[in-house]
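Taking it in order: structure first as structure tokens, then the write-up.
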Amino acid sequence: MAKGHQTSAAPDAAERLARLRLIRTENVGPVTFQHLLARFGSAGAALEQLPDLARRGGRRAKLKIPPLADIEKEIGTNEQAGGRLLVIGEPDYPAMLAQTEGAPAAISLFGHAHLFLEPSVSIVGARNASGNAVRFTEKLARDLGAHGVVVISGLARGIDTAAHTGALETGTVAVVAGGADVIYPPENAALHARILAEGALIAEAPIGTRPLARHFPARNRIIAGLTRATLVVEAAKRSGSLITARFAADQGREVCAVPGSPMDPRCAGSNGLLRDGAHLIERAEDILSLLLRGGVREDPAIADLFGISGFTPQPADEIDDKARTRVLTILDATPLAVDEIIRQCQLSPPVVLTILLEAELAGEAERHPGNRVARRYNPP
């Protein structure tokens, strides 16, 4: 496991419940969750300090922290549906995913956890895929499965569906944008059921959550984070598959693409990846040789800035309002890297990180991929 997630050691029963309450708390995302664990040592201690932190960040309304009964109900709902609610640090939580920036603090897992111990590749692409691309993807997934490689995708129409279909008999994992029990798209109901029975399915959103547009980029980061390599088969210039590829690159994973016709707009994005240095894939052997080359590259920026181990918190009562104003004045709607905020403020990293944490809990700031922070727009 990456050195940065030392705070993700297997929790005991009480700490497990506290961590679930913490990640379900208003304004607490995966990165904020990790910072809070690092600062206070446990989720239980962090929960006690949240109201004061939010108040220091300028929040007036009471922070919404779910009661223990709500968490116990969510655990029971997962179990009744045939799954489990896992917290980062537990043995069955996928190790590859735990190494990534902003790894989900909790996931619903349905199916066979042993699949995450096998070599794997993510395959994504166009929803309106060409017939040739669908046939190619099914065969590629089938060939990879024959060599013991698990295929991971997002259960969407087109390429995702073809990838899962080709790998059903050998092992496939679906990552969904909504709750694990919500079938989307509806025509994949039978495939959804087979994956639950024969493969595995992951959801970051709670049971019953209907997928919205904002959920899909979060889903894509998980797809990329579960594997050492992400393959894009067909993707237009503004395809969501390119978001998955970008997450893979940011996470230090391999990015691959299948070449397509320059006359087909569905291939413009994937061909662009190849121009930018993605691995060209024409058959399963191309991916197999790539997987044999070595392990995942650890991104030093992630290890340092999201590793939490370097975050020595500054006592809140030692930070004056002038420092808070200096940090928050720099923020606007465009995400800015934390190290750039530190440089512009000319304040120590512990002071800036503490102020940003307070602002997140107060709902005044929000995290973005790449260790960036932006001012949150709060309509009147």
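Could you count how many residues in the stretch 218-252 are closer than 17 Å to L291 by Cα and of a type in the set (D, E, K, R)?
Adding up the residues that qualify gives 1.
Just checking: which of the helices (runs of 4 or more DSSP H) contained wholly in the stretch 309-380 hold 2 or more residues that are within 28 Å of R219 (Cα to Cα), at pLDDT 90 or above and within 27 Å of the chain's Cα centre (by Cα)?
Once the helices (runs of 4 or more DSSP H) in the stretch 309-380 are filtered for at least 2 residues that are within 28 Å of R219 (Cα to Cα), at pLDDT 90 or above and within 27 Å of the chain's Cα centre (by Cα), what remains is 338-345, 349-362.
If you go through the stretch 162-172, how many residues are crowded, with 24+ Cβ neighbours inside 10 Å and either closer than 22 Å to H114 by Cβ or under 19 Å from the mean Cα position of the chain (by Cα) (or both)?
Narrowing the stretch 162-172 to residues crowded, with 24+ Cβ neighbours inside 10 Å: 162-164, 166-167, 172.
Filter again for either closer than 22 Å to H114 by Cβ or under 19 Å from the mean Cα position of the chain (by Cα) (or both), leaving 163-164, 166-167, 172.
The qualifying residues number 5.
In the stretch 89-106, is there at least one residue being β-branched (V, I, T) and at pLDDT 95 or above? Steps first, answer last, please.
Taking the stretch 89-106 as the starting set, the residues that turn out to be β-branched (V, I, T) are 100.
Narrowing further to those that are at pLDDT 95 or above: none.
No, the stretch 89-106 has no match at all.
Determine whether P206 is within 24 Å of R367 (Cβ to Cβ) and not hydroxyl-bearing (S, T, Y).
yes
Can you tell me which residues in the stretch 269-293 are assigned to a loop (DSSP other than H, G, I, E, B), of a type in the set (A, V, I, L, M, F, W, C) and surrounded by fewer than 20 Cβ atoms within 10 Å (Cβ to Cβ)?
The one that is assigned to a loop (DSSP other than H, G, I, E, B), of a type in the set (A, V, I, L, M, F, W, C) and surrounded by fewer than 20 Cβ atoms within 10 Å (Cβ to Cβ): L292.
Only one of (1) assigned to a loop (DSSP other than H, G, I, E, B); (2) in contact (Cβ under 8 Å) with a residue 40 or more places away in the chain; (3) surrounded by fewer than 18 Cβ atoms within 10 Å (Cβ to Cβ) is not met by K64, so which one is it?
(2)
Here are V175, V150: which of them is surrounded by 23 or more Cβ atoms within 10 Å (Cβ to Cβ), under 30 Å from R367 (Cα atoms) and modelled with pLDDT of 95 or more?
Values: V150 fails: under 30 Å from R367 (Cα atoms).
None of the others qualify; the one that does is V175.
From the list I159, I195, pick out the single residue that is in contact with a helix residue (DSSP H, G or I) (Cβ under 9 Å, 6 or more places away or on another chain), over 22 Å from I281 (Cβ atoms) and among the hydrophobic types (A, V, I, L, M, F, W, C).
Residue meeting the stated conditions: I195.
Checking the condition within 18 Å of R157 (Cβ to Cβ), among the charged types (D, E, K, R) and assigned to a helix (DSSP H, G or I), which residue from R266, R246, R238 passes?
R266
Could you figure out which of (1) at pLDDT below 90; (2) farther than 13 Å from L361 by Cα isn't true of H35?
H35 satisfies all of (1) at pLDDT below 90; (2) farther than 13 Å from L361 by Cα except (2).
For the stretch 237-264, give me the residue count where each residue is surrounded by fewer than 20 Cβ atoms within 10 Å (Cβ to Cβ), over 21 Å from the mean Cα position of the chain (by Cα) and of a type in the set (G, A, S).
Residues flagged as surrounded by fewer than 20 Cβ atoms within 10 Å (Cβ to Cβ), over 21 Å from the mean Cα position of the chain (by Cα) and of a type in the set (G, A, S) within the stretch 237-264 amount to 1.
Are there any pairs, at least 6 apart or on different chains, whose C-beta atoms fall under 8 Å, with the first in the stretch 8-35 and assigned to a helix (DSSP H, G or I) and the second basic (K, R), and if so, which?
Partner pairs satisfying both residue conditions: V31/R367; T32/R367; F33/R19.
List every residue pair whose Cβ atoms lie under 7 Å apart, where the two residues are 6 or more positions apart in sequence or sit on different chains, the first residue falls within the stretch 68-88 and is more than 17 Å from A14 (Cβ to Cβ), and the second residue, located anywhere, is of a type in the set (K, R) and at pLDDT 95 or above.
Close Cβ pairs satisfying both conditions: N78/R84.
Kindly indicate whether R55 is closer than 20 Å to G363 by Cβ, modelled with pLDDT of 90 or more and in contact with a helix residue (DSSP H, G or I) (Cβ under 6 Å, 6 or more places away or on another chain).
Criteria not met by R55.
Any residue at all in the stretch 120-137 that's touching a residue at least 60 places away in the same chain (Cβ under 8 Å), closer than 23 Å to A235 by Cβ and charged (D, E, K, R)?
No, the conditions are met nowhere in the stretch 120-137.
Starting from residues that are more than 25 Å from the chain's Cα centre (by Cα) and in contact (Cβ under 8 Å) with a residue 24 or more places away in the chain, keep the ones in the stretch 36-53 and report whichever is farthest from V87 (Cα to Cα).
It comes out as D52.
The values are calculated or read from the model by the stated rules, or taken from the named source; none is laboratory data. Fair warning: this is a prediction, and the values are worked out from it, not measured in the lab. Note: ideal-geometry Cβ built from the backbone for every residue, glycine included; neighbour counts use all protein chains shown.
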